[in-house]
Amino acid sequence: MARTEPASAGVRRRIGALCAALVVASCAANPAPAVLSDFANDWSQAGPPREDHSMQSEKDMAPWRGLWDFADPAASEARLREAEAAADGVAAAELRTQVARALGLQQRFDEARAELAAAARDLPSTGAARVRVLLELERGRLARSSGDLPGAIAPFESAFERANAAGLDYLAVDAAHMLGIAETGDAASLWNRRALGIAHASSDPSARGWGAVIANNEGWNQFEATEHAAALELFEQALVLRRERPEQVEPIWIARWAVARAHRELGRVEEALAEQEALMAEREAANAPDGYVFEEVGECLLLLERADEATPFFARAHELLAQDAWLVANEPERLARLERLAR
């Protein structure tokens, strides 16, 4: 559950993985992630109107979703290739776009590009709107993953325009959400607004399911911009949406952590501490301890001038977070600070 990268990217990375498998900081030491304060009043301006007759459930149209395990792209690739071998025409081309995505997640970029080229070559001259959107989406993801950040923008924009025009809400939100990640500042917030607007207005449950992810992302954008009250509003909305799926416990825990983190930044430290302690107890009972929760308990106790009580929580945070390879590579100062506080 990395919550840095700097801090915003880390939270998004974790939330994105959770959503796909379905797609921060102490006051001074660990900054946090961000995306929009007034989006609730902006849903009606989310983009061009989409006709009701095109609002169909993409879950029924994309059986390959059940073949994905984003935590294991190699195994996903094998399943997708097996399905592709049994398909033909547009269905096979669509599966190839997902094979390409699985290859990209394994950093096999040349192979992934070859799969996308083959999928595009085999398409009929008309129709196959969804496959064309997927081709652009995966081109953008490949560009971004391979380090060509500017090169990712145009394919994502093309994917958004195509999906929006075809009424493919889930994919339109996906494209807008990727633009919210690829862009920065006001441009990122604008794309998050558009994504939230489509998700909110859609009759497709799979599109509506994006709302929590995007609200979380925009919340961290606002947090990084020091708009902490706006961030809290977004985190609270993400939590409401997460709680609509009570069986998905981990995303709810993460959303609660973000709300408590915003409370701490707004000076509501007692509230933040109570929520983090509740999270700590629940996660311990579920044998799922989280270093970021221990870290926050320690930070709250420090602010409440209870430094002696904070020490064991920093020690536990350091013990757990030192096992996070990303954090070790990218935030050694944060780990060093935890180690000092643990003494």
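The values are calculated or read from the model by the stated rules, or taken from the named source; none is laboratory data. In this text, all values refer to a predicted model and were calculated from it rather than measured experimentally. Cβ sites come from the backbone with ideal geometry, for glycine too, and all protein chains shown count toward neighbours.
Annotation: of all residues in the range 64-89 being in a helix (DSSP H, G or I) and among the charged types (D, E, K, R), the one that is modelled with the lowest pLDDT is Arg65. Every condition in (1) within 18 Å of Asp88 (Cβ to Cβ); (2) assigned to a loop (DSSP other than H, G, I, E, B); (3) of a type outside the set (A, V, I, L, M, F, W, C) holds for Arg130 except the one numbered (2). Checked against (1) at pLDDT below 95; (2) charged (D, E, K, R); (3) in a helix (DSSP H, G or I), Glu233 passes all but a single condition, namely (1).
Selection of the range 146-166 for residues being at pLDDT below 95, over 21 Å from Ile198 (Cα atoms) and buried (at least 16 other Cβ atoms within 10 Å of the Cβ) yields only Ser146. Residues of the range 287-304 that are within 26 Å of the chain's Cα centre (by Cα) and aliphatic (A, V, I, L, M): Ala288, Val293, Val297.
So that you can scan it fast, the table gives a plain yes or no per residue for (1) in a helix (DSSP H, G or I); (2) outside the structural domain of Arg316 (by TED's automatic domain parsing); (3) buried (at least 23 other Cβ atoms within 10 Å of the Cβ); (4) β-branched (Val, Ile, Thr):
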site: Val240; (1), (2), (3), (4): yes, no, no, yes
site: Pro246; (1), (2), (3), (4): no, no, no, no
site: Arg261; (1), (2), (3), (4): yes, no, yes, no
site: Gln276; (1), (2), (3), (4): yes, no, yes, no
site: Ala288; (1), (2), (3), (4): no, no, no, no
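A residue that is surrounded by fewer than 17 Cβ atoms within 10 Å (Cβ to Cβ) and farther than 25 Å from Leu302 by Cα can be found somewhere in the range 201-217.
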